[in-house]
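Here the structure comes first, spelled out in structure tokens, and everything after it is commentary.
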Amino acid sequence: SMWGRQCHTGQMCVIVDEAAFGGLLHFENAGHAVLVVCLAVLKQEWEQVMLALMDATAPASALYFVFVILVGALFLVNYAVAMLCLAYVEVMKKQEEAKRVANAAVNE
């Protein structure tokens with residue numbers, strides 16, 4: 001086969017019926033696939049999952065992780081900027097309200 005590991009002459013191949021990392025990290029259902037994507041986006045243990053996937057399929061599967069990490073990193077940066085902007089707007093509204101209350105108290 002052209003995918004996965006190859007058994008050369010003099011070697012013994014063994015098929016193990018277990019997913020990587022104790023069966024937690026695989027793409028067989030949506031929940032576990034989301035876990036793998038989250039690990040890749042957060043850059044936690046993603047390289048071990050990528051290597052296991054490359055062993056099981058093809059070396060080109062590394063492109064999936066490159067894509068997920070790039071898109072995920074852009075998403076996280078956009079999310080962080082949005083949260084900072086919302087916090088800034090909220091602080092500015094509170095300051096404007098405090099100024100309005102202070103001006104109203106002085107004018108009375």
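The values are calculated or read from the model by the stated rules, or taken from the named source; none is laboratory data. All values derive from a computational prediction rather than experimental measurement. Don't worry about glycine lacking a Cβ; one is built from the backbone with ideal geometry, like all the others, and counts go over all protein chains shown. To get the accessible areas, we keep the full protein, side chains included, count just its heavy atoms, and leave off ligands, DNA and RNA. Shrake-Rupley method; radii C 1.70, N 1.55, O 1.52, S 1.80 Å.
Here are the numbers for this structure:
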{"quantity": "Output for region 78-94, where each listed residue is open to solvent by 100 Å² or more (accessible area, probe 1.4 Å) and either of a type outside the set (Ser, Thr, Tyr) or in contact with a Gly (Cβ under 6 Å, 6 or more places away or on another chain) (or both)", "calculated": "ASN78, LEU84, LEU86, GLU90, LYS93, LYS94"}
{"quantity": "Region 54-77: number of residues that are over 14 Å from the mean Cα position of the chain (by Cα) and open to solvent by 40 Å² or more (accessible area, probe 1.4 Å)", "calculated": "7"}
